[in-house]
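The values are calculated or read from the model by the stated rules, or taken from the named source; none is laboratory data. What you see is a predicted model; the values in this text were computed from it and never measured. When the accessible area is computed, the model is the full protein with side chains, heavy atoms only, and any ligands, DNA or RNA have been set aside. Shrake-Rupley method; radii C 1.70, N 1.55, O 1.52, S 1.80 Å.
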Amino acid sequence: MANVRKATIEDYSGIKNVASKAWYDTYTNIYTASTVTAFLNASYSKEMLQKRINDSDFFVAEDEEKIVGFANFIKGTELYLSSHYVLPEAQRDGYGKALLYAGLDQYKGLYKEVYLEVDGKNDIGIAFYKKEGFEVIRKYEELLFGDAMSTTLMKKTF
């Protein structure tokens, strides 16, 4: 079973590794390599990660002390799952689900629902979230470092 805990800045290299492998595995068939690299550099610099750890709830999942996944929840008037990734070789081993529910369990009684955005072409991600009770709210187009991105907004009531 996954050990899920709050992230610290000492987890930086493990988190960056998961983000990089998950993004290159999932998105290089959808976006240009330069877009994937630009996104990772912007979102997973050490400074940005420190800010995210300080300002939101950031969890990591470990297997034998190796970080295999993470989830980042942002609290405000609504609860938002802003990032949720697992190493490609560790997917379907329960880490994604463990991360999701470790976060949601903390917010029972505080929020009634959680929102997330997922790439509309990420069929595996959408299937996972639907299996966990999320529903599609709407779809829209936006730009990601110059590439057109089809985004799907999803919501789960809990």
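Measuring only protein heavy atoms, the 1.4 Å probe finds Arg5 accessible over about 70 Å². Diffusion coefficient of region 20-80 by Stokes-Einstein, Kirkwood radius over Cα pairs, 20 °C, 1.002 mPa s: 162 µm²/s. For region 85-158, the Cα-based Rg and Dmax, in that order, read 13.5, 40 Å. Ordered from highest to lowest accessible area with the whole protein assembly present and a 1.4 Å probe, Phe58, Phe158 read as Phe158, Phe58. To the nearest 10, the accessible area of Lys66 is 100 Å² with a 1.4 Å probe.
For the chain, the relative contact order works out to 22 percent when only alpha carbon pairs closer than 8 Å and six or more residues apart are counted.
In the chain, inverting the average of 1/r over every pair of distinct C-alpha atoms gives 15.9 Å as the Kirkwood radius.
Phe70 contributes an accessible area of around 0 Å² to the protein surface, as traced by a 1.4 Å probe with all chains present. Helix check for the chain. Which DSSP H runs span at least 20 Å along their own axis by Cα, with a mean Kyte-Doolittle hydropathy no less than -1.0? Passing helices, by number: 12-27.
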